[in-house]
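Please treat every number below as a calculation from the coordinates, not as lab data. The structure displayed is predicted, hence computed values, not measured ones. Don't worry about glycine lacking a Cβ; one is built from the backbone with ideal geometry, like all the others, and counts go over all protein chains shown.
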Amino acid sequence: MYDLLVAPFVDFAFMQRALLGSLALTLGSCPVGVFLMLRRMSLSGDAMAHAILPGAATGFLLFGLQIVPMTIGGLIAGVIVALGAGAVSRFTIQKEDASMAAFYLISLALGVLIVSVRGSSVDLMHVLFGTVLALNNDALALIGMITALTLCTLAVFWRALVAECLDPLFLRSVSHFGTPVHFIFLGLVVLNLVGGFQALGTLLAVGLMMLPAAAARFWTVRLEPMVALAVAIGSVSCVAGLLLSYHFSLPSGPAIILAAGVVYLASIAFGSRGILRSRVRHHRHRIA
Amino acid sequence: MMKNLRTSIVLAVILGAVAVAFPASAKDLKVVASFSIIADFARNVGGDRIELTTLVGPDGDAHVYEPKPADAVAMAAADVVLVNGLRFEGFLQRLVDASATKAAIVELAKGAEVITMGIHDHEAESGSTPHGHGPGDVDPHAFQSIPNAEIYVSNIAEAFCTADTDGCDHYHANAEAYKAKLKALDAEVRASIGSIPPDKRVVITSHDAFGYLGHEYGITFLAPEGMSTEAEASAADVAALIRQVKGDKASAIFVENVTDPRLVEQIASETGLKLGGTLFSDALSAEGGPAPTYIVMMRHNITAIRGAVIGS
């Protein structure tokens, strides 16, 4: 049992770093994922993965493979896309999904252009997006800072965010904070995704944000338990995925996400708001 | 002076137009090489009789290269297209189809001694399975062994001869001269590696590109990433490598010019092994870099390996 579960993390520093990094990311991005899901913006994470390309590529071309310039570049590109999409949806008739699609496509095309003009044929997507097994001190510090910032922001704006997610028109009618809160929230999304991409790879960053949130939705309707459950599911997936990757020599990123995917599928079936239970309750009602 | 210049420009334009209109009458043999190492061979064999275009340039990764329209144009106009073969250039077949080239596609690895994945000693030792390519697949990096490089050069000379019979003697003479240099290099490499104690000849690189070098000269190369640069590493592979180093089995660690160095750096920092520098695997460096030609590249790699192993 010890050999199976604990030894890999005791014996190898890279496993400790992978665990620390992925758990820290989970702590910050799962709550953000819950809000994102409740706002029906679950797919924006994927869009954002493409949207940050021009910024990250510019950082790479100017400063080489250094995580700070690449992250700042990606952050700038991501914030521009998120703000642009948010502003269009706020101030015009177009909905957020359409404007997000438009902005990320523009950004992606620009990114491919920048990469190609430079003419380097080293696969930049591989260089830009890290892997969870190769976390150095810079990457860990970056994830830690992002998580701390995310948690603080969430704590301060919690009530406003809840109101904004559930009934944005109400919040705007009673407070001037509606629009700023929306943008602060989009900023958090970008921050978590960009940090995750640079350190852990696209798949892991988006997957850890959305899958635990989507799974937690099948267990509760109340927000606080949902957030706590999402973080718990994310953490379990990280540990399970890394152990699977270690014992069965599977690639680590996909292993972690598939672990979360299994939890999600199980939640659909067995969750208190999942298929089986709601069917059963339905039955009873009919009989009664 | 001015007038002279203008005349020569006009002349050049006319000549250029003629050359484009009648490609067969152009003096130079138009050769397309798929990546920088093959281009270097072709330059040595063809000399000034060929006009060379290289698709994947210095420090480029031919595993994941995305062709540009200019590549298709060059290919359509080519007389001879030189490729490695053995499915090394993943982009190639699509490009050949798209350009509708009539040139002969020459697979240089034909006739070379090939090794298959899964028969390396280290596969059994580390317990890792290769990604991307299954066991039993042929390792395409055949040019990393110098006897194979000689076969590449012979194949190039044959291909040039077929396309341009007038220059046949020229190509053969060049090829012989270059092969003599390769033979000397081969002896030099053997002597250099011979001076390393056999139990010290285990080296870590980022992707599995040095199978031939290891097979030919008796060095074991371990890599977390497998044969293609596209595969992702697993925690088990990385842990196996770290165990090898800690068991004093591997004595040097290197990054390559075409791959992400972070994973190898992580292994180095965890084991306390110092990075031995950069090895050149699938591409030469730019002109003026540490490995602008094949011969210099091989010498650079061997010197770096020997230095790091002896130093440890």
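Between A:Ser107, A:Ser175, A:Ser272, the residue with the greatest mean-square fluctuation in the GNM of chain A (Cα pairs under 10 Å linked by springs) is A:Ser175.
Overall, the anisotropy analysis places chain A in the oblate class: the square-rooted eigenvalues a ≥ b ≥ c of its C-alpha gyration tensor yield a/c not less than 1.5, with a/b not exceeding b/c.
Would you work out the relative contact order for segment B:164-283, in percent, from Cα pairs under 8 angstrom that are 6 or more residues apart?
Over segment B:164-283, the number comes to 22 percent.
Put simply, the amide H of B:Glu51, placed in the peptide plane, has neighbours under 5 Å in B:Leu29, B:Lys30, B:Val31, leaving out anything fewer than 5 places away on its chain. Between the alpha-carbon centres of segment A:225-260 and segment B:39-96 there is a gap of 43 Å. Do any cysteines of the protein assembly as shown lack a neighbour Cys whose Cβ is under 4.7 Å away, and which are they? Singleton cysteines: A:Cys30, A:Cys152, A:Cys165, A:Cys238. The HN-Hα couplings worked out from phi for segment B:93-107 by the Karplus form 6.51 cos²θ - 1.76 cosθ + 1.60 (θ = phi - 60°) are 4, 4, 5, 4, 4, 5, 7, 6, 6, 9, 5, 6, 8, 9, 8 Hz, whole numbers, x standing for Gly and Pro. Under 20 Å from the 7 Å Cα→Cβ point of A:Val162, by amide nitrogen: which residues of segment A:10-38? What the label zone holds, given the 20 Å backbone N cut-off, is A:28-38. Give me the distance between the Cα centres of segment B:157-231 and segment B:233-312, rounded to whole Å. Taking the Cα centre of each part, segment B:157-231 and segment B:233-312 sit 17 Å apart. From its DSSP helices (H runs of at least four residues, each -39,500 (n - 2.57)), chain A gives a residue-normalised ellipticity at 222 nm of -27500 deg cm²/dmol. Taking other residues whose beta carbon is less than 14 angstrom from the beta carbon of B:Ala74, and scoring Lys, Arg as +1 and Asp, Glu as -1, yields -1.
Residues whose amide H falls under 5 Å from that of B:Ala252, counting only those 5 or more places apart or on a different chain, are B:Ile204, with hydrogens built in the peptide plane.
Taking the charge dipole of the protein assembly as shown about its Cα centre, with +1 at Lys and Arg Cβ atoms and -1 at Asp and Glu Cβ atoms, the residue from A:Ala134, B:Pro224, A:Tyr2 reaching farthest to the positive side is A:Tyr2. Once a ≥ b ≥ c are taken as the square roots of the eigenvalues of the Cα gyration tensor of segment A:133-178, is the result rounded (a/c under 1.5), prolate (a/b larger than b/c) or oblate (a/b not larger than b/c)? Prolate. Structure remark: mean-square fluctuation, Gaussian network model of chain A, C-alpha springs under 10 Å; the largest value among A:Gln66, A:Gln16, A:Gln94 belongs to A:Gln94. Relative contact order for segment B:70-115: 51 percent, from Cα pairs under 8 Å spaced at least 6 residues apart, divided by residue count. Sparsely packed loop sites in segment B:35-107 (the chymotrypsin sites (Phe, Trp or Tyr not before Pro) outside DSSP H, G, I, E and B with at most 16 other Cβ atoms within 10 Å) do not occur. Projected label points at A:Leu151 and A:Arg273, each 7 Å from Cα along the beta carbon direction, are separated by 2.6 nanometres. Along segment A:9-18 the Karplus relation, 6.51 cos²θ - 1.76 cosθ + 1.60 evaluated at θ = phi - 60°, assigns HN-Hα couplings of 7, 7, 6, 10, 5, 5, 5, 4, 5, 4 Hz to successive residues, with x for each Gly and Pro.
Taking amide H atoms as placed 1.01 Å from N in the peptide plane, the amide H of B:Leu279 lies under 5 Å from those of B:Val255, B:Glu256, B:Asn257, each 5 or more residues away in sequence or on another chain. Given contacts defined as C-alpha pairs under 8 Å and at least six residues apart, what's the relative contact order of chain A, whole-number percent? Over chain A, the number comes to 25 percent. Strictly over 31 Å apart at the Cα level, which of B:Lys30/B:Lys110; A:Lys95/B:Lys68; B:Lys183/B:Lys246; B:Lys110/B:Lys181; B:Lys30/B:Lys183; B:Lys102/B:Lys179 would you flag in this model? A:Lys95/B:Lys68; B:Lys183/B:Lys246, as the Cα separations exceed 31 Å there.
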